[in-house]
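Q: This is the structure, below, for whatever I ask next.
The values are calculated or read from the model by the stated rules, or taken from the named source; none is laboratory data. As the structure is a prediction and not an experimental result, all values here were calculated from the model. Please note: Cβ atoms are built from the backbone with ideal geometry, for glycine as well, and neighbour counts cover all protein chains shown. The protein model used for the area step is the full one, side chains on, heavy atoms only, and it has no ligands, DNA or RNA in it. Shrake-Rupley method; radii C 1.70, N 1.55, O 1.52, S 1.80 Å.
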Amino acid sequence: MARATPARAVLHRIGVAVFVSAVLGFFSLPLLWLASAPFDRDPQISASLPRFTLDNFRALLDNPYALASLRNSALLAAGTAALVVTAAALAAYALSRVRVPGRDALLYLLLLLSSIITGTAAMVPVFLLAFHLHLIDTRLGVVLVLTGGLLPTAIFILKDFTDATPPSYEEAARVFGATPLQVLRHVVAPVIRPGLATVTVWTVAQVWGDFLMPFLLLRDPDKAPAAVVMYTFYTEGGQADLPLLSTFSLLYALPVVTMYLFVSRRYGFRFHGGIKH
């Protein structure tokens with residue numbers, strides 16, 4: 001096969017550079033708008049140079065539900081993450097070390113069902129279950145429902161990390177009289193720490209952006225998370241309140257992005273264990 005001429009190679013590189021620049025520009029424009037619109041006196045849908053002001057942040061502080069909704073989102077995300085990480089670590093360790101007949105089939109079945117039966121499909125039975133358990137309009141009800149939906153995937157991820165941990169570490173701990181729970185806490189958990197961090201960030205991001213379940217189960221506006229309160233930022237004419245919406249969106253995105261960058265820098269995100277036999 002004939003080698004490409006220098007001119008064709010240069011044109012190919014230019015074409016790739018133009019394509020990559022166009023893709024980056026396409027995805028960067030919304031982020032640039034999100035970063036500039038909160039500081040604009042009159043933000044519009046189209047991108048433009050902002051006329052600097054902090055009045056949008058003052059208006060957001062005057063809203064009775066804005067900052068409270070961020071606190072509610074933090075409470076729901078923290079509670080769900082704590083339950084998901086704890087339960088997934090225990091289940092993943094058991095599934096990794098105990099030879100249960102049909103173990104892999106059960107895990108894949110749970111993962112498949114959790115992907116097929118989404119929040120919309122399970123909306124009515126989840127509401128009826130929460131109603132009979134007296135969990136309507138309680139944060140605990142939302143946390144339990146979200147935990148149940150996220151657990152299969154979390155177990156699947158952590159099991160991969162646990163499988164890569166050498167059993168010899170655990171055997172050495174048992175020789176010194178450690179219980180299975182102590183082995184999990186002091187031996188396995190430090191080794192699979194990147195997996196725990198990955199599941200934590202993934203869970204928080206899922207809960208932080210969830211709209212359906214909090215909207216379905218919470219009735220008190222004072223308990224509504226940010227994803228629900230954001231849909232109330234409209235003017236009397238039914239138009240989106242862009243100054244308020246853009247400012248709130250910036251504050252809404254910062255916690256998850258900050259957490260992702262911190263965990264990614266410290267642990268990295270990888271879906272395989274880090275220890276080899």
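Q: For segment 128-160, enumerate the residues that are farther than 21 Å from R219 by Cα and either over 19 Å from the mean Cα position of the chain (by Cα) or among the basic types (K, R) (or both).
A: Correct list: K159, D160.
Q: In addition: Go through S36, S73 for me and flag whichever is open to solvent by less than 30 Å² (accessible area, probe 1.4 Å) and either more than 27 Å from A224 (Cβ to Cβ) or of a type in the set (S, T, Y) (or both). First the steps, then the outcome.
A: On the way: S36 fails: open to solvent by less than 30 Å² (accessible area, probe 1.4 Å).
It is S73.
Q: Inside segment 131-168, can you point out the residues that are surrounded by fewer than 16 Cβ atoms within 10 Å (Cβ to Cβ) and either closer than 20 Å to H186 by Cβ or acidic (D, E) (or both)?
A: D137, D163, P166, P167, S168
Q: Another one. Is there a residue in segment 244-256 that is part of a loop (DSSP other than H, G, I, E, B), open to solvent by less than 40 Å² (accessible area, probe 1.4 Å) and modelled with pLDDT of 80 or more?
A: No - not one qualifying residue is present in segment 244-256.
Q: Further question: Give the residue that is surrounded by the fewest Cβ atoms within 10 Å (Cβ to Cβ), with candidates limited to residues of segment 56-70 that are touching a residue at least 24 places away in the same chain (Cβ under 8 Å) and part of a helix (DSSP H, G or I).
A: The extreme case among them is A59.
Q: Condition (residue is assigned by TED's automatic domain parsing to the domain that holds R71, buried (at least 21 other Cβ atoms within 10 Å of the Cβ), touching a residue at least 12 places away in the same chain (Cβ under 8 Å) and among the aromatic types (F, W, Y)) applied to segment 219-242: is it met by at least one residue?
A: There is no residue in segment 219-242 that is assigned by TED's automatic domain parsing to the domain that holds R71, buried (at least 21 other Cβ atoms within 10 Å of the Cβ), touching a residue at least 12 places away in the same chain (Cβ under 8 Å) and among the aromatic types (F, W, Y).
Q: Right, something else. With respect to the numbered conditions (1) at pLDDT 85 or above; (2) surrounded by fewer than 16 Cβ atoms within 10 Å (Cβ to Cβ), which one is the sole condition not fulfilled by G79?
A: All conditions pass for G79, except number (2).
Q: A further question follows. Looking at R51, R58, R103 in this structure, which one is closer than 27 Å to P255 by Cβ and not aliphatic (A, V, I, L, M)? First the steps, then the outcome.
A: On the way: R51 fails: closer than 27 Å to P255 by Cβ; R103 fails: closer than 27 Å to P255 by Cβ.
So the residue among R51, R58, R103 that is closer than 27 Å to P255 by Cβ and not aliphatic (A, V, I, L, M) is R58.
Q: Okay, moving on. Can you list the helices (runs of 4 or more DSSP H) found entirely within segment 94-198 that contain at least 2 residues being without any contact (Cβ under 8 Å) to a residue 60 or more places away in the chain and farther than 21 Å from D210 by Cα?
A: Ranges flagged: 103-116, 167-175, 180-183.
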